[in-house]
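The values are calculated or read from the model by the stated rules, or taken from the named source; none is laboratory data. The structure presented is a predicted model; accordingly, all values stated were derived computationally and were not measured. Note: ideal-geometry Cβ built from the backbone for every residue, glycine included; neighbour counts use all protein chains shown. Areas reflect the complete protein model, heavy atoms only, side chains present, ligands, DNA and RNA absent. Shrake-Rupley method; radii C 1.70, N 1.55, O 1.52, S 1.80 Å.
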Amino acid sequence: GENVEQHPSTLSVQEGDSAVIKCTYSDSASNYFPWYKQELGKRPQLIIDIRSNVGEKKDQRIAVTLNKTAKHFSLHITETQPEDSAVYFCAALTGGGNKLTFGTGTQLKVEL
Amino acid sequence: EADIYQTPRYLVIGTGKKITLECSQTMGHDKMYWYQQDPGMELHLIHYSYGVNSTEKGDLSSESTVSRIRTEHFPLTLESARPSHTSQYLCASRPGQDYGYTFGSGTRLTVV
């Protein structure tokens, strides 16, 4: 079936440290993997995505890596800042490319 | 501004009432989705649509219905509201393959 597992469920880091969130997926046909950031009381916002033809993508302090053989992908945030505190969701395109299956979310807290 | 709009933003309603949550997007996207989410928690797919006159059930579809008569409009109807329906409802759309969702700001529903 279509399943996306996400770890950890909560992550606390000191400001300036790096944060890593990992996801695994089950649908071998998945070829698109977005990451969303949801701040308290707000809508989820797309922050970065990766397609299956590349192994890594970077945008300033955030990067995503993809290992299609192992069916896992990760979000890396460097030099974390308090405004990075939010819930982060990974997702994989499933259902024949018709819908996103989301992970269960990671609550990231960046402490001063 | 091209975006996805949800109304009402907040709704308090009595048990047994019929309600319709509105969702409209001005981006010309074919694919639209409804999710249920308790704040900061998992996203549960309720219904989705590939385009006009197409609707599909998600994981939590049994107590609601949707329609897609126009590309830009995708309303969600609860026939008989129950306290267990208390949650946030997020509408989303995307243009096609290999693209992520744009989410609306959500409707926070409370059934008393």
What is the P(r) of region A:1-103, as percent of Cα-Cα pairs per 10 Å bin from 0? 15, 50, 29, 6, 0
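In debye to the nearest 20, how big a dipole does chain A give about its Cα centre with +1 on each Lys and Arg Cβ and -1 on each Asp and Glu Cβ? Show your work: numbers first, answer last.
Numbers: 12 positive and 13 negative charges, 79 e Å.
Value, rounded to 20: 380 debye.
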Between A:Glu79 and B:Thr77, what FRET efficiency follows from the Cβ-Cβ distance if R0 is 30 Å, with the result rounded to 0.05? 0.05
Just to confirm the filter: which GluC sites (Glu not before Pro) across region A:76-112 are DSSP coil and have at most 16 other Cβ within 10 angstrom of their Cβ? A:Glu79
B:Met27: accessible area at probe 1.4 Å, nearest 10 Å²? 60 Å²
Rank A:Phe33, A:Ser18, A:Pro8 by how far each Cα sits towards the positive end of the charge dipole of region A:1-79 (+1 on Lys, Arg Cβ; -1 on Asp, Glu Cβ) and give me just the farthest. A:Phe33
In nm, what is the difference between 0.36 nm times the number of residues separating A:Gln60 and A:Glu111 and their Cα-Cα distance? 16.3 nm
Which FRET efficiency, nearest 0.05, do B:Arg108 and A:Thr69 yield, Cβ-Cβ r, R0 30 Å? 0.10
Which GluC sites (Glu not before Pro) from region B:5-64 combine a DSSP loop assignment with at most 14 other Cβ atoms within 10 Å? B:Glu42, B:Glu63
Could you state how much accessible area is buried at the A-B interface, both sides summed, with a 1.4 Å probe, in Å² to the nearest 100? 1800 Å²
With a 20 Å threshold on alpha-carbon distance, the violating pairs from A:Lys57/A:Lys99; A:Lys99/B:Lys17; A:Lys37/A:Lys58; A:Lys99/B:Lys18; A:Lys71/B:Lys57 are A:Lys57/A:Lys99; A:Lys99/B:Lys17; A:Lys99/B:Lys18; A:Lys71/B:Lys57
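State the antiparallel share, in %, of DSSP beta bridges confined to chain B, rounding to the nearest 5. Walk me through the numbers before you get to the answer.
Values: 31 of 35 bridges.
Close to 90 percent.
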Translational D in µm²/s for the protein assembly as shown (Stokes-Einstein at 20 °C, 1.002 mPa s, Kirkwood Rh from C-alpha pairs): 119 µm²/s
Can you give me the % of accessible surface on chain A that is carbon or sulfur? Probe 1.4 Å, all protein chains present, nothing else counted. 46 percent
Using the crude model of +1 on Lys and Arg Cβ and -1 on Asp and Glu Cβ, and no other charge, please compute the dipole size for the protein assembly as shown relative to its Cα centre, in debye to 20. 480 debye
For A:Ser12 and A:Ser52, extending 7 Å from Cα along the Cα-Cβ vector and measuring point to point gives, in nm, a value of 3.9 nm
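With +1 assigned to the C-beta of every Lys and Arg and -1 to the C-beta of every Asp and Glu, and no other charges, what is the dipole magnitude of chain B about the Cα centre in debye, to the nearest 20?
Working: 10 positive and 12 negative charges, 69 e Å.
Here the size comes out at about 340 debye.
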Where the centre of each part is set by its Cα atoms, how far does region A:17-77 sit from region B:55-70, in angstrom? 28 Å
Quotient of Cα Rg and 2.2 N^0.38 Å for region B:38-92, N being how many residues it contains: 1.16
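Beyond 16 Å, what share of the Cα-Cα pairs of chain B is found? Please give it as a whole percent.
Pairs farther apart than 16 Å: 55 percent.
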Qualifying trypsin sites (Lys or Arg not before Pro) in region B:1-62, DSSP loop, other Cβ atoms within 10 Å at most 14: B:Arg9, B:Lys17, B:Lys18
